[in-house]
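J.: One structure, pasted below without further comment.
Just so it is clear, none of the values below were taken in a lab; they were calculated from the coordinates. Fair warning: this is a prediction, and the values are worked out from it, not measured in the lab. Every residue, glycine among them, receives a Cβ derived from its backbone with ideal geometry; neighbour counts consider all protein chains shown.
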Amino acid sequence: MIEIFLLRHAETIWDSSLVSGRTENLSLSDEGIVHSLSIGRILREQGFLVDKIYCSSSLRTKQSLLGLKEAGLWKDTPIIYSDSLQEVSQGEWEGKERRCVMTERVIAEMRIKGVRFMPPGGEAQKDAAERIYNYIAENILNSNLQKVMVVGHANLFRCLMYRILGFDEIMVNKIGFDNLSLTKLRFGEDGFWRLDYLNRIVS
């Protein structure tokens with residue numbers, strides 16, 4: 001049995017009226033930095049340890065992980081940074097105002113195509129789901145690890161849930177992943193996935 005914990009990055013300085021997506025150099029807000037230190041202290045006091053950490057190569061996930069480590073958590077735990085854990089790309093839409101790109105025509109097309117919808121120059125959620133699943137299968141499921149952490153992004157984690165748990169695609173964008181929330185998955189020797197909890201607030 002392999003335990004996989006998903007941790008979304010801390011709060012960023014991003015303006016929510018804009019389309020974010022990958023935006024690799026987006027940094028944490030002051031509140032996000034403080035929050036990551038606080039969560040790190042709580043998890044340290046709870047004795048929360050993992051064998052290995054896999055982290056998106058984006059700045060905001062690196063900063064979130066740094067905050068946890070500065071709080072004394074996972075100081076000697078191996079960390080792998082990977083572009084394969086980057087957020088779902090929104091292509092040409094990134095940095096543009098939502099109201100300008102989310103026209104009635106676009107919204108109608110998104111409803112029809114679902115996870116197969118692809119922004120101009122971007123990535124479909126179905127493709128992102130395969131990307132993160134293949135990475136986890138290759139690097140985690142085929143290892144001797146028992147307990148790992150994946151530090152990443154809300155939309156990408158939604159895609160993973162869709163891929164491994166068989167959610168109806170209409171549910172994908174209804175799944176919540178709060179900043180620095182924990183989700184626990186287990187993969188058994190029987191080849192089945194189990195969801196122990198979703199979007200748990202650390203306290």
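J.: Cross-link list Lys62/Lys184; Lys96/Lys126; Lys75/Lys126; Lys62/Lys96; Lys113/Lys174: which exceed 26 angstrom alpha carbon to alpha carbon? Before the final figure, lay out each step's value.
T.: On the way: Lys62/Lys184 20 Å; Lys96/Lys126 23 Å; Lys75/Lys126 35 Å; Lys62/Lys96 24 Å; Lys113/Lys174 16 Å.
Distance filter (> 26 Å) returns Lys75/Lys126.
J.: Radius of gyration and Dmax for segment 139-203's Cα atoms, expressed in Å?
T.: Gyration radius and largest Cα-Cα distance of segment 139-203: 12.3, 35 Å.
J.: Let me ask you something else. Order of Arg111, Arg200 from fewest to most other C-beta atoms within 10 Å? Spell out each step's value before the answer.
T.: Details: Arg111 10, Arg200 13.
Neighbour counts put them in this order, fewest first: Arg111, Arg200.
J.: Related question: Using a 10 Å cut-off around each Cβ, can you sort Arg186, Arg60 from fewest to most neighbouring Cβ atoms? Let's see the in-between values first.
T.: Values: Arg186 13, Arg60 28.
Least to most surrounded, the residues fall as Arg186, Arg60.
J.: Calculate one ³J(HN,Hα) per residue across segment 83-89 by plugging θ = phi - 60° into the Karplus curve 6.51 cos²θ - 1.76 cosθ + 1.60, and present them in order as whole Hz with x for glycine and proline.
T.: Values per residue, Gly and Pro as x: 5, 5, 9, 5, 4, 4, 6 Hz.
J.: What shape does the chain have by the C-alpha gyration tensor, where a ≥ b ≥ c are the square roots of the eigenvalues, rounded means a/c under 1.5, and otherwise prolate means a/b greater than b/c and oblate the rest?
T.: Numbers: a/c = 2.01, a/b = 1.30, b/c = 1.55.
Note, shape of the chain comes out oblate.
J.: For segment 53-99, I need the span (max minus min coordinate) of the C-alpha atoms along each principal axis, in Å, sorted largest to smallest.
T.: Between the extreme Cα coordinates on each principal axis of segment 53-99 lie 44, 20, 10 Å.
J.: Averaging sequence separations of C-alpha pairs under 8 Å and six or more residues apart, then dividing by the length of the chain, give the relative contact order as a whole percent.
T.: Numbers: 385 pairs, mean separation 63.4, N = 203.
With pairs under 8 Å counted, the relative contact order is 31 percent.
J.: Here's another thing I want to ask about it. If you keep only loop residues by DSSP, which chymotrypsin sites (Phe, Trp or Tyr not before Pro) in segment 151-195 have at most 10 other Cβ atoms within 10 Å of their Cβ? Each step should come with its number before you reach the end.
T.: Working: sites: Phe157, Tyr162, Phe167, Phe177, Phe187, Phe192, Trp193; in loops: Phe167, Phe177, Phe192.
Sites meeting the loop and neighbour criteria: Phe192.
J.: Here's another thing I want to ask about it. Which net charge results when you count Lys and Arg as +1 and Asp and Glu as -1 among the other residues whose beta-carbon is under 14 Å from that of Gly67?
T.: Numbers: positive: Arg8, Arg41, Arg44, Arg60, Lys62, Lys69, Lys75; negative: Glu11, Asp30, Glu31, Glu70.
Net charge around Gly67: +3.
J.: Using only the alpha carbons, work out the radius of gyration and Dmax of segment 33-112 in angstrom.
T.: 18.0, 51
J.: Related question: Could you give me the radius of gyration and the Dmax of segment 66-143, taking only the C-alpha atoms into account and expressing both in angstrom?
T.: Computed over the Cα atoms of segment 66-143, radius of gyration and Dmax are 17.4, 51 Å.
J.: Take the alpha carbon atoms of segment 84-193, find their radius of gyration, then divide it by 2.2 N^0.38 Å using N residues; give the quotient. Please list the in-between numbers first.
T.: Details: Rg = 15.3 Å, N = 110, 2.2 N^0.38 = 13.1 Å.
This ratio for segment 84-193 stands at 1.17.
J.: How long are the semi-axes of the ellipsoid equivalent to segment 2-66, from square roots of 5 times the Cα gyration tensor eigenvalues, in whole Å, largest first?
T.: After diagonalising the Cα gyration tensor, the semi-axes are 23, 15, 9 Å.
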